[in-house]
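What follows is one structure encoded as structure tokens, with my remarks underneath.
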Amino acid sequence: MRKEIMGVSFDDLTLEEAIRRGAELAAGPGFSYVVTPNPEIVNLARQAPDYEEILNGAGLVLPDGIGVVYAAKLLGRPLQGRVPGIDFAAGLLAKLEESGGRLFLLGAKPGVAEQAAENLKKIHPKLILCGTNDGYFQDSAPVVEKIKASNADVVFVCLGAPKQERWMAQYGPATGAHLMVGLGGVLDVYAGNVKRAPAAWQKLGLEWLYRLVHQPSRLGRMAKLPLFLVDAMKESRREGKP
Ligand code: UDP
């Protein structure tokens, strides 16, 4: 069942359920894509109806960020919890290693996806990494061809929002892949360029604070978070919630 939070309809799944569903989609015959909106992405969608449509058209819409979970609570449509994109990706990697599914890594600065692939091979020796491409291309057609030629089942698309969601919806079907997952800065984490918050911070829902301390340039982006919750409160009043 999906729950609508400020215009975006989220799947109300646990991490395990989301991973299982992702693996099914990856093994299925069609094409679908996964989006992991945080409050910043939901805000972008509220200003751009076509982008909102792209998010709602995803095969899986996962709440990446404690802000979305709080907003859901304020709106009286609580979600089971956060499903961070990076955790979903980790689960999917394990499933792909088991099933022999083929993975392509797209995005980040030149060299990062290759380094990410090297590091992933150490953790998942049986994983089939069938190709990489950086995220700073001008023309999408050769990238589509490269993915097609690689016979990828799954593509991690790490171009940042909203570019990655728009790219998956527009070009995904032509690549022949079965599943694309929009994952922001995840390749930088795999490559070892950006560190993820320690588990204790993650459990407390403070991953955003950890990232802020290490990348203070994110402050402008994050300052909008409290406003998102204020908007959720206003929306909840409009809907007649206590
Ligand atoms: N990026 C890219 N192509 C672009 C713009 C960005 O490949 O045209 C990459 C960028 O190098 C980074 C990722 O997209 O690896 C976005 O990271 P960010 O931390 O902004 O994403 P978040 O995880 O916050 O969504």
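A few notes on this one:
- Charge sum, other residues only, whose C-beta stays under 11 Å from residue 135's C-beta, Lys/Arg counted +1 and Asp/Glu -1: 0
- Point-to-point label distance, residue 17-residue 94, nm (Cα→Cβ direction, 7 Å offset): 1.9 nm
- Computed over the range 127-214: relative contact order in percent, which uses C-alpha pairs under 8 Å that are six or more apart: 25 percent
- The range 171-222: trypsin sites (Lys or Arg not before Pro) in DSSP loop, at most 12 other beta carbons within 10 Å: 195
- Calculated FRET value between residue 80 and residue 44, using beta carbons and R₀ = 35 Å, to 0.05: 0.90
- Extension gain, residue 239 back to residue 200 (0.36 nm per residue minus Cα-Cα distance, nm): 10.5 nm
- Pairwise centroid distance, computed over Cα atoms, of the range 14-52 with the range 202-238, Å: 20 Å
- For the range 103-149, the relative contact order is 49 percent, taking Cα pairs closer than 8 Å that sit 6 or more residues apart in sequence and dividing their mean separation by the residue count.
- Antiparallel bridge percentage (DSSP; both residues within the chain; nearest 5): 15 percent
- Of all lysines in the structure, the ones whose alpha carbon falls short of 24 Å from that of residue 122, not counting any fewer than 8 places away in one chain, are 95, 109, 195.
- Ligands, DNA and RNA are left out, and with a 1.4 angstrom probe the accessible area of the range 111-242 is 55 Å² per residue.
- Contact order relative to length of the range 34-129, as percent, for alpha carbon pairs under 8 angstrom and 6 or more apart: 22 percent
- Per-residue extension of 0.36 nm, minus the Cα-Cα distance of residue 209 and residue 227, leaves a gain of 4.8 nm for this segment.
- Overall, the accessible surface of the range 106-221 at a probe of 1.4 angstrom is composed of carbon and sulfur to the extent of 57 percent.
- Percent carbon-and-sulfur accessible area, the range 9-73, ignoring ligands, DNA and RNA, probe 1.4 Å: 51 percent
The values are calculated or read from the model by the stated rules, or taken from the named source; none is laboratory data. What you see is a predicted model; the values in this text were computed from it and never measured. In this analysis, Cβ positions are derived from the backbone assuming ideal geometry, glycine residues included, and neighbour counts consider all displayed protein chains. Side chains are part of the model used for accessible areas, which takes the heavy atoms of the whole protein and leaves out ligands, DNA and RNA. Shrake-Rupley method; radii C 1.70, N 1.55, O 1.52, S 1.80 Å.
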